[in-house]
2 protein chains.
Amino acid sequence: MDRVAIIGASMTQFGERDGWVLDLLSKAGTACLADAGVDASELDHLYVSNMASGEFEGQTGIPNALAHDLAATPAYTARIDQTSSSGGAGVYAAWQSVASGASDLTMLVGGEKMTHRSTAEATDVIASLTHPVEYKHGVTLPSFAGLTARLYLETYDAPRESLGKVAVKNHRNGVDNPHAQFRKEVDLETVLDSPIVADPLRLYDFCPITDGSAALLLCPESVAEEYVPADEYVTVAGIGGATDTHVVHERADPTTMGGVVDSSEIAYEMAGLGPDDVDVAELHDMFTILEFLQSEDLGFFEKGEGWRAVEEGVTDRDGELPINTSGGLKSKGHPLGASGVAQVYEIFAQLTGQAGSRQVEADVGLACNVGGFGNCVTTTVMEAGR
Amino acid sequence: MDRVAIIGASMTQFGERDGWVLDLLSKAGTACLADAGVDASELDHLYVSNMASGEFEGQTGIPNALAHDLAATPAYTARIDQTSSSGGAGVYAAWQSVASGASDLTMLVGGEKMTHRSTAEATDVIASLTHPVEYKHGVTLPSFAGLTARLYLETYDAPRESLGKVAVKNHRNGVDNPHAQFRKEVDLETVLDSPIVADPLRLYDFCPITDGSAALLLCPESVAEEYVPADEYVTVAGIGGATDTHVVHERADPTTMGGVVDSSEIAYEMAGLGPDDVDVAELHDMFTILEFLQSEDLGFFEKGEGWRAVEEGVTDRDGELPINTSGGLKSKGHPLGASGVAQVYEIFAQLTGQAGSRQVEADVGLACNVGGFGNCVTTTVMEAGR
């Protein structure tokens, strides 16, 4: 079967941004089209991944508004929402549009505008994704993270410091990412001494609230070179998605993310590749503990050994398996609908040698985007153009 | 290429319903699985088409909650929003999931819960889909409809009564639909004498605000008979989507819906069929005028002649081309995310001979779902199982 190629990618500056989400989407979309030298009128499909423009901004129908602003009409449009993994779900939808033959040229633009709302308001919208059974008891995603972190540290005899080192590593990587929200190193003491949010996790174990957008352009690989040279595109070797129990406390082992296991199995099988083949990965470090869990559930490390990989520098930029070279959600920021798209942007940049001072050696990359507390996950495996 | 088959379908009672949208989705999903004798654990993908659960109910992440309630975990889930055509966009997404090979068994459940909000609140959410340029001048979808109706009547010398006859016909059809919100005939005088909403359109030219859900089960046609006999499934012969200008006043001719023209051309071409092949159709009669426009832009009738077809009974249930045998949005109701799914449900019922007292003779059916004021449209052409 003809693979789907990603022939262009872009992202806006992440952080506190002026304007509406539509402005950010338009900016990323315009840059993505320019990256591949494509005119908006050539698009067959245009998807927007976004969780909550209605709740955050009182504006709906943003895919149609974006088609207008980019002059992409009559391209077909739709919005894809999968909470914090809306971006990954958008990648899956865009991939399906091309793989099904429905579209020969699809652009996905993910974005969210959140910082104009208070942290309490933004958190309330996000918390509404949890199961009502848990929500009514006041459980939020950060509290799940705290409980899971405590369980992980005790079960696997991991030091509290190892969690902090995820934040230190990802902040260090973010310094070299011009699009990152935070471009400053933090030392371990700063992380460990920051205010408690959900014991044992502290402020620096959490990603920030962010505005931003990212975009990708996809087509069948058979025509990719009509747009760009072979070394400027990547292919989606495998992609998959899966849910875990929506009620988090129903999970047999909360330190295992079933959606990561299942979605990556699908993606690996489609790709004919395994975790050992992956050279660089972007994981969903909404909380530091999630990077450990995903690095294990993706098969990179044995269960309970993810923390050692960070301690030993294996996941550093100059380590055997660099993880979150972009700075991750932790330092790059987490504009919900954009995050999964920006993960793929980073892998695209790494595999096409466009990652600048963040560049690592890589032929195969993986992005793992997590919705809720692993309630739904998409995993995408990419290879450099062939 | 192997076609995509629809092997099961269901819908809840439409109208004012108790509970949350999740309850309605769960009810329709359960019935759909039962219709095809499928267990939820067999699902690969589960899509929810819904415009605004966050705005209407303060609840997000409903696809994951539905996967939980149906015991469909670890099926992949996502929410598809395309405003009032979310249902059609969901059909397109579900079709793509199977046609791309990503899923061998996909369920789509569309739904909306609206009646617990005031008409003003609901209308405000819906109006937020229009372009800000128009929205800030107070333009709403009903006002577009009034302006377009006036233009149509004047341009094509159509009598005001012809619009009213759309309402009369669709209410008559709705009497025989046990799921319809309104199961009562109305006479032309009642329609013409009802309160003015947007001149020349009156209350009975508009669909109501509705709660409801509908569901479909899709798989490759090659395995359809593993689930149901050949006379109990239909195939998607062709499907397409397209946008028109998001700013309605930029359209050269507001009586032509470009999205309907473009999406149906894609669907017809994929199907190898044309408008003359269609035996029964469900059109998006959110306002009576829209049934005229779509019946022309789909190629059923010449431009400006759609009103004559209604006057002459061509689109009656016993006419040459029955339109909206379900009662249409007008009498069946319009729960945004469910409507496009319920259109396909009706065609499924007609093509599999399960439409009861609404049954017509048909081998080919078409559903046209319109988002906004034609801002984005999906058209689906279906054939009886072969």
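Some observations on this one:
- If only the Cβ of Lys and Arg carry +1 and only the Cβ of Asp and Glu carry -1, the dipole of the stretch B:60-174 around its Cα centre is close to 280 debye.
- B:Arg160-B:Arg172 pseudo-label distance in nm [points 7 Å out on the Cα-to-Cβ vector]: 2.2 nm
- Size descriptors for the stretch A:213-252 (Cα atoms only): Rg and Dmax, in that order, 17.7, 50 Å.
- Volume of the Cα convex hull of the stretch A:148-203, divided per residue and given in Å³: 82 Å³
- Legend: mean number of C-beta atoms from other chains within 10 angstrom of residue C-beta atoms, peptide B:88-97, equals 5.
- Dimensionless Rg/Rh of the protein assembly as shown - Kirkwood Rh, Rg from C-alpha atoms: 0.98
- Across the identical copies, how the A:Glu226 labels are spaced - nm, sorted shortest first, 7 Å along Cα→Cβ: 3.5
- Diffusion constant of the stretch B:19-149 at 10 °C, which comes from Stokes-Einstein with the Kirkwood Cα-pair radius and 1.306 mPa s, µm²/s: 100 µm²/s
- Per-residue average of Cβ from other chains inside 10 Å of A:342-351: 0
- Modelled this way, with points 7 Å down the Cα-to-C-beta line, the labels at B:Glu305 and B:Thr256 are 1.6 nm from one another.
- Distance between the 7 Å Cα→Cβ label points at B:Gln13 and B:Glu361: 3.6 nm.
- Amide H contacts for B:Gly274 (H built 1.01 Å from N in the peptide plane; partners 5 or more residues away or on another chain; cut-off under 5 Å): none found.
- Unsatisfied cross-links (Cα-Cα over 24 Å) in the set B:Lys27/B:Lys113; B:Lys113/B:Lys169; B:Lys165/B:Lys303; B:Lys113/B:Lys330; A:Lys136/A:Lys303: B:Lys113/B:Lys169; A:Lys136/A:Lys303
- Helical content alone sets the calculated 222 nm signal of chain B at -11000 deg cm²/dmol, taking -39,500 (n - 2.57) per DSSP H segment of four or more residues and averaging over every residue.
- The stretch A:37-83: proportion of alpha-carbon pairs further apart than 14 angstrom, %: 48 percent
- Rounded to the nearest whole Hz, the Karplus-based 3J(HN,Hα) values (6.51 cos²θ - 1.76 cosθ + 1.60, θ = phi - 60°) of the stretch B:264-270 follow the sequence 6, 4, 5, 5, 4, 5, 4, with x at glycine and proline.
- Neighbourhood net charge (12 Å Cβ-Cβ; Lys/Arg +1, Asp/Glu -1) for A:Ser103: -3
- As a ratio to 2.2 N^0.38 Å, the alpha-carbon radius of gyration for the stretch A:310-386 is 1.10.
- Each peptide in A:214-222, A:363-371, A:125-133 was scored by the mean count of other Cβ atoms within 10 Å over its residues; highest first, the order is A:363-371, A:214-222, A:125-133.
- Normalised by 2.2 N^0.38 Å, where N is the number of residues, the alpha-carbon radius of gyration of the stretch A:262-368 equals 0.99.
- Fraction of the pair-distance distribution of the stretch B:343-385 above 13 Å, Cα-Cα pairs, percent: 54 percent
- Panel values: the stretch A:1-63, Kirkwood radius from alpha carbon pairs, Stokes-Einstein at 25 °C and 0.890 mPa s, translational diffusion coefficient 182 µm²/s.
- The orientation-averaged projected area of the convex hull spanned by the Cα atoms of the stretch B:212-301 comes to 7.9 nm².
- Stretch gain in nm, segment B:Asp104-B:Glu189, where the contour uses 0.36 nm per residue and the Cα spacing is subtracted: 25.5 nm
- Between amide H atoms placed 1.01 Å from N, distances below 5 Å from B:Asn324 occur with B:Ala281, B:Glu282, B:Leu283, all of them 5 or more places distant or on a separate chain.
- Treating r as the C-beta distance of A:Ser41 and A:Gln354 and R0 as 25 Å, the FRET efficiency rounds to 0.45.
- Distances in nm from A:Ser118 to the matching label points in the other copies, shortest first (labels 7 Å along Cα to Cβ): 2.4
- Cα Rg, Dmax, the stretch A:181-246, angstrom units: 20.3, 54
- Distance between the stretch A:334-386 and the stretch A:137-169 - C-alpha centres, whole angstrom: 24 Å
- The phi torsions of the stretch A:301-313, fed into the Karplus equation with coefficients 6.51, -1.76 and 1.60 and a -60° offset, translate into couplings of 9, 4, 4, x, 10, x, 5, 5, 4, 5, 4, 8, x Hz, rounded to whole numbers, with Gly and Pro shown as x.
- Order by protection proxy (mean Cβ within 10 Å, highest first), peptides A:180-190, B:56-66: B:56-66, A:180-190
- Solvent-free Debye scattering, log10 I(q)/I(0), computed from the Cα coordinates of the stretch B:74-225 at q = 0.09, 0.11, 0.17 Å⁻¹: -0.43, -0.63, -1.14
- Cβ-vector label at 7 Å, A:Glu312, separations to other copies in nm: 8.1
- Against the empirical curve 2.2 N^0.38 Å, the C-alpha radius of gyration of the stretch A:65-104 lands at a ratio of 1.27.
- Partner shielding of A:148-157 amounts to 0, given as the average count of beta-carbon atoms from other chains within 10 Å of each residue beta-carbon.
- Percent of Cα pairs in the stretch A:82-129 per distance bin of 10 Å, from zero to the largest separation: 23, 37, 23, 15, 2.
- Each principal axis of the Cα cloud of chain B was evaluated for its coordinate range; sorted largest first, these ranges are 55, 44, 38 Å.
No value in this document is a laboratory result; all are computed from the given coordinates. Note that the structure is a prediction, hence the values are computed from the model and not measured. No Cβ is skipped: glycine too gets one built from the backbone with ideal geometry, and neighbour counts run over all protein chains shown.
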